[in-house]
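Following: one structure in structure tokens, then a few remarks.
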Amino acid sequence: MRQAPNGFLAAMVDALGPDGVVTDSDVMAPHLVDWMRRYHGDAIAVLRPADTEDVVRAMRVCHRFGVAVVAQGGNTGLVGGSVGTPGSVVLSTSRLNHLGPVDEEASQITVGAGATLDAVHVTAAHAGLRFPVDLAARGSATIGGMVATNAGGLSVLRFGPMRAQIGGIEAVLADGSVISHLQGLIKDNTGYDLVGLLCGSEGTLAVITAVRLRLVPLDGPHLTLAVGVERLSAALTLLRNVRAAGVVVDSAELIRRRGVELVAAHVGKTPPTALLAPFTLLLAVVAGETVHDRLATALETLKPGELIDSLVAETEASARELWAWRERHTESISAHGIPVKLDVSLPISRLAEFEAGIDALVDRAHPGCDVHVFGHLGDGNLHVNVLGVDGSGGADWTRVEDTILRRVVELGGSISAEHGIGRMKAPWLHLNRSPAELSAMRAIKRALDPTAILNPGVILGVEAVEP
Ligand code: FAD
Ligand code: MLT
Ligand code: ZN
């Protein structure tokens, strides 16, 4: 472990008080390994600021001593961006977790960056409103982390990602200055969009301390439908026809039989037969008088032999059970080992082609692996998880990652749909971003963080501030 610069810890304790600075290695340990168990970090201390003023004081001290700062929310990120690096401090937002009140007139709420997604859902629902981003890590993922990664999740198809839900942000820059833009105005064209810039910045431009979120009305009941089909292209056709029939689709998720079997082994349950088709499209749609008829009409548009089975969840409990088969993919895969975990998006027209070739492609790069593909079909976003590659993060991993990411780009896709770049994908950012774009990004980084103390190595790699 790298030592703290002389006087740094004393200055930090002075700034945050003893409760705000953790150096006990047992308490620090969970902050220094990521959710996947792939990235093992290091840090001088974990900081626990209690409010924005604390973050300002902490940033001033770090700036003065040249100590790197890795902001951390729920530590559920999947690209290695949230664990400390040697000589850094981890700045945990766990105490910045204030909620509301809900502004019912504006349908908005201001929350601390450390508020969990779950807590925001519950608070919004109490006011008869809904925060429309949802993802399986809802119990731990924080609003600050979700803004910093521009998280997507299960309802992007209908409501857009985090970026679309933000009415404003308060954040502390590398030198301790505060930018606060929390009014939540619907229209506000006053120069550069700093709020938009911080969304997706993964802790490299500022520490987000509070967020103004937009809420939407609660819909009333949703209906969950699982449709087992022979081919991925049939799932896409069905989704298109369901939407064309005027059904409001909240989520449209894809799972494959292989993934369902893995979940079954992990949770010790037998899946419904509709989920044992080669592909299952799971739909959550807004219920209404004509919805069953419209869905039936859409199902009839499938070619003979394409539809294998379908199942409607009649109760809320059975809907939850169906969704668990999708949501528990991530933990079930992790229970079998540390996967090469990629999150990519493709033009809808190339999705089926990509999926059809993925097993053979991976097999050529590393024979004998177990490839799991699932994800947010309606967004063209597939999660590709490869189990069975030796030596976590080593040369074999890089070859598998490189092969898949290059194929994605060849088909016109993105190497990161929703998880971000982090440390994991920094070496491949150039596949999606031109030299001019990378140079503009470096210029922004230099302007806001000239000494590169904010999450070094993330997004732009270690040369972030080089000209
Ligand atoms: P962390 O993991 O703590 O941090 C993530 C990044 O944000 C890091 O770079 C960190 O430095 C930065 N950061 C954190 N807080 C701040 C802050 N206050 N200011 C500045 N930077 C900050 N993602 C999706 O998009 N869609 C999904 O469907 C989805 N499902 C998931 C399911 C599971 C089971 C898991 C484990 C993860 C899933 N994720 C998903 C990954 C996802 O990125 C996160 O869950 C979430 O966005 C990260 O929030 P966090 O608070 O855990 O952030
Ligand atoms: C999901 O949609 O479940 C996630 O983004 C997590 C993953 O990719 O494993
Ligand atoms: Zn996802």
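Selection of the range 120-137 for residues being under 14 Å from residue 155 (Cα atoms) and of a type in the set (Val, Ile, Thr) yields only 133.
Considering the range 340-370, and only residues there that are free of Cβ contacts under 8 Å to residues at least 60 places away in the same chain and β-branched (Val, Ile, Thr), the residue that is farthest from residue 243 (Cα to Cα) turns out to be 362. Among the conditions (1) β-branched (Val, Ile, Thr); (2) within 26 Å of residue 121 (Cβ to Cβ); (3) at pLDDT 95 or above; (4) surrounded by fewer than 16 Cβ atoms within 10 Å (Cβ to Cβ), residue 242 misses just one, which is (4).
In this entry, residue 358 passes the filter for residues that are over 21 Å from the mean Cα position of the chain (by Cα), β-branched (Val, Ile, Thr) and either within 24 Å of residue 263 (Cβ to Cβ) or within 16 Å of ligand 1 (Cβ to nearest atom) (or both).
Against the definition (part of a helix (DSSP H, G or I), in contact with a strand residue (DSSP E or B) (Cβ under 9 Å, 6 or more places away or on another chain) and free of Cβ contacts under 8 Å to residues at least 12 places away in the same chain), how does residue 320 come out, yes or no? So residue 320 fits the description; yes.
Hey, does the range 56-76 have a residue that's modelled with pLDDT under 95 and in contact with a His (Cβ under 8 Å, 6 or more places away or on another chain)? The answer is no; no qualifying residue exists.
In the range 312-327, the residue that is nearest to residue 136 (Cα to Cα) out of those that are among the hydrophobic types (A, V, I, L, M, F, W, C) and open to solvent by 40 Å² or more (accessible area, probe 1.4 Å) is 317. Being more than 22 Å from residue 420 (Cβ to Cβ), crowded, with 17+ Cβ neighbours inside 10 Å and not small (Gly, Ala, Ser) is a property that holds for residue 362.
With the structure loaded, tell me whether residue 305 is away from ligand 2 (no atom under 15 Å from the Cβ), in contact (Cβ under 8 Å) with a residue 24 or more places away in the chain and surrounded by fewer than 16 Cβ atoms within 10 Å (Cβ to Cβ) or whether it fails that test. So residue 305 passes the test.
Report yes if some residue within the range 442-452 is within 16 Å of ligand 2 (Cβ to nearest atom), within 30 Å of residue 192 (Cβ to Cβ) and buried (at least 19 other Cβ atoms within 10 Å of the Cβ); otherwise report no. No - not one qualifying residue is present in the range 442-452. Within the range 154-164, the set of residues being touching a strand residue (DSSP E or B) at 6+ places or on another chain (Cβ under 6 Å) and either at pLDDT below 95 or open to solvent by less than 10 Å² (accessible area, probe 1.4 Å) (or both) comprises 155 only. Which of the residues belonging to the range 384-422 are open to solvent by 10 Å² or more (accessible area, probe 1.4 Å) and part of a strand (DSSP E or B)? Within the range 384-422, 387, 414, 416 meet the criteria. Taking the conditions exactly as written (closer than 19 Å to residue 374 by Cα and either in contact with a helix residue (DSSP H, G or I) (Cβ under 7 Å, 6 or more places away or on another chain) or not aliphatic (A, V, I, L, M) (or both)), does residue 259 satisfy them or not? In short, yes. Can you spot a residue in the range 455-464 that is farther than 21 Å from residue 401 by Cα and modelled with pLDDT under 95? Yes; the residues of the range 455-464 include at least one that is farther than 21 Å from residue 401 by Cα and modelled with pLDDT under 95.
Residue 430 meets the conditions (1) touching a residue at least 60 places away in the same chain (Cβ under 8 Å); (2) open to solvent by 60 Å² or more (accessible area, probe 1.4 Å); (3) within 23 Å of residue 347 (Cα to Cα) in every case but one. The failed one is (1). Quick check on the range 33-55. Is at least one of its residues in a helix (DSSP H, G or I) and either crowded, with 23+ Cβ neighbours inside 10 Å or touching a Ser or Thr at 6+ places or on another chain (Cβ under 9 Å) (or both)? Within the range 33-55, one or more residues are in a helix (DSSP H, G or I) and either crowded, with 23+ Cβ neighbours inside 10 Å or touching a Ser or Thr at 6+ places or on another chain (Cβ under 9 Å) (or both). Among residues of the range 140-153 that are more than 11 Å from residue 202 (Cα to Cα) and at pLDDT 95 or above, those with a beta-carbon under 6 Å from a residue that is within 14 Å of ligand 3 (Cβ to nearest atom) and assigned to a loop (DSSP other than H, G, I, E, B) at least six positions away or on a different chain give the pairs 140/76; 141/76; 152/161; 152/418; 153/133; 153/134; 153/135. Under the condition of being near ligand 1 (Cβ under 10 Å from one of its atoms), among the β-branched types (Val, Ile, Thr) and in a strand (DSSP E or B), the residues counted in the range 72-111 number 1.
Residues in the range 56-74 that are open to solvent by less than 20 Å² (accessible area, probe 1.4 Å), farther than 20 Å from residue 460 by Cβ and under 19 Å from the mean Cα position of the chain (by Cα): there are none.
The values are calculated or read from the model by the stated rules, or taken from the named source; none is laboratory data. Since this is a predicted model, take the numbers as computed values, not measurements. Every residue, glycine as well, gets a Cβ built from its backbone with ideal geometry; the counts of neighbours run over all protein chains shown. What goes into the accessible areas is simple: the full protein's heavy atoms, side chains included, and nothing from ligands, DNA or RNA. Shrake-Rupley method; radii C 1.70, N 1.55, O 1.52, S 1.80 Å.
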